[in-house]
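Heads up, the thing below is written out as structure tokens.
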Amino acid sequence: MALATRTVRIGSSHGLHARPAKMFAQAAKDAGVPVTIAKDAGAPINAASILGVISLGVDYGDYVTLTVDGGDAEEILDRLADLLSTDHDSE
């Protein structure tokens with residue numbers, strides 16, 4: 001079991017509001033291993049919780065730290081980082 005972390009810059013121009021937060025939380029849940037997200041030096045929260053993700057108040061350009069515990073951690077981080085760094089508000 002590997003523990004991996006990565007810091008990602010938020011790409012959605014309106015931050016992690018309902019739609020991107022839902023997409024991210026679902027992807028984190030689908031990973032099948034524990035995934036946390038933290039903003040700045042804040043406490044990490046369960047990334048599969050859409051309410052938790054929205055409650056972080058993450059805006060465009062903010063940095064968040066993802067941690068994946070187990071499974072194909074690097075591959076999961078790649079997928080989640082890609083979701084967070086994409087501007088879903090321009091689609």
task = Could you list, in sequence order, all residues of segment 13-47 that are in a loop (DSSP other than H, G, I, E, B), over 22 Å from residue 89 (Cβ atoms) and hydrophobic (A, V, I, L, M, F, W, C)?
result = 31, 33, 41, 43
query = Looking only at residues in segment 48-59 that are part of a loop (DSSP other than H, G, I, E, B) and small (Gly, Ala, Ser), which one is farthest from residue 73 (Cα to Cα)?
reply = 57
task = Please give the number of the condition residue 62 fails out of (1) at pLDDT 95 or above; (2) exposed (fewer than 14 other Cβ atoms within 10 Å of the Cβ); (3) not small (Gly, Ala, Ser).
result = (2)
query = Quick check: is even one residue across segment 78-88 in contact with a Leu (Cβ under 8 Å, 6 or more places away or on another chain), among the aliphatic types (A, V, I, L, M), outside any helix (DSSP H, G or I) and on the phi < 0 side of the Ramachandran plot?
reply = no
task = Test residue 70 against the criterion of being of a type in the set (Gly, Ala, Ser), surrounded by fewer than 16 Cβ atoms within 10 Å (Cβ to Cβ) and touching a strand residue (DSSP E or B) at 6+ places or on another chain (Cβ under 7 Å), and give yes or no.
result = no
note = If we ask which residues in segment 55-85 are more than 11 Å from residue 11 (Cα to Cα) and of a type in the set (Asp, Glu), their number turns out to be 5
key: Matching residues, segment 32-47, being free of Cβ contacts under 8 Å to residues at least 40 places away in the same chain, out of contact with any Pro (no Cβ under 9 Å at 6 or more places or on another chain) and more than 12 Å from residue 64 (Cβ to Cβ)   = 32, 34, 43
message = Quick check on my filter: what residues within segment 48-85 are charged (D, E, K, R) and touching a residue at least 24 places away in the same chain (Cβ under 8 Å)?
response = 59, 62, 69, 74, 79
task = Kindly provide the set of residues from segment 1-12 that are crowded, with 18+ Cβ neighbours inside 10 Å and either of a type in the set (S, T, N, Q) or in a loop (DSSP other than H, G, I, E, B) (or both), ordered by number.
result = 10, 11, 12
message = Quick test of your reading of the structure: residue 29 fulfils all but one of (1) closer than 16 Å to residue 7 by Cα; (2) free of Cβ contacts under 8 Å to residues at least 24 places away in the same chain; (3) under 12 Å from the mean Cα position of the chain (by Cα). Name the failing condition by number.
response = (1)
inquiry  = As an exercise: evaluate residue 78 against (1) at pLDDT below 95; (2) surrounded by fewer than 16 Cβ atoms within 10 Å (Cβ to Cβ); (3) not aliphatic (A, V, I, L, M) and give the number of the one condition it does not meet.
reply    = (1)
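The values are calculated or read from the model by the stated rules, or taken from the named source; none is laboratory data. Since this is a predicted model, take the numbers as computed values, not measurements. Using ideal geometry, Cβ is built from the backbone for each residue, glycine included, and neighbour counts are taken over all protein chains shown.
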